[in-house]
Amino acid sequence: MRSENIPPIACRLSGPQEIQDRRRLLGSVFEGVLRVEELEDGYAFGFPGSAGWAERLVEMINAERACCPFLTFALFFEPDGGPISLRVTGPEGAKGFIEAEMMAPPAG
């Protein structure tokens, strides 16, 4: 994991529409969580193993990388079409951000 030049723990989105779109995307992805595992520096989330879920997760990761560059994402695919695991980790303080921004139920 890189230790130098870590961006601040803050979302880069500023417009209301961007924020609403992000919340909608996160809500549609995290409603499918099968399991949550707490890690020292973040969380691991389990999802169904279908190709559709893989595409949704990659779309979400691409969006999150643009607005939250301090987070690290890793996808793990179990053999024989088994579950997909998404690890979201970051520097000190990122775990609370993940809890508040990704794991919170969508507003409205």
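Just want the ordering: 61, 6, 98, from fewest to most Cβ atoms lying within 10 Å of their own Cβ.
Details: 61 17, 6 14, 98 21.
Going from least to most buried by this count: 6, 61, 98.
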*Kindly provide the helix-only [θ] at 222 nm of the chain, computed as the sum of -39,500 (n - 2.57) over DSSP H runs of four or more divided by all residues, to the nearest 500 deg cm²/dmol?*
-12000 deg cm²/dmol
*asked:* Please compute the contact order of the range 35-101 in relative form: average sequence separation of alpha-carbon pairs under 8 Å and at least six residues apart, divided by the residue count, as a percent.
replied: 40 percent
*For the chain, list log₁₀ I(q)/I(0) at each q in 0.12, 0.23 Å⁻¹, using the Debye formula over Cα point scatterers of equal strength and ignoring solvent, two decimals each.*
-0.40, -1.41
*Would you grab the residues whose amide H sits under 5 Å from the one on residue 49? Only those 5+ places off in sequence or on another chain, please, with H modelled 1.01 Å from N.*
84
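A short reminder: the numbers here are calculations on the coordinates, not readings from a lab. Since the model is a prediction, treat every value here as computed from it, not as a measurement. FYI the Cβ positions are ideal-geometry reconstructions off the backbone, even for glycines, and counts take in every protein chain you see.
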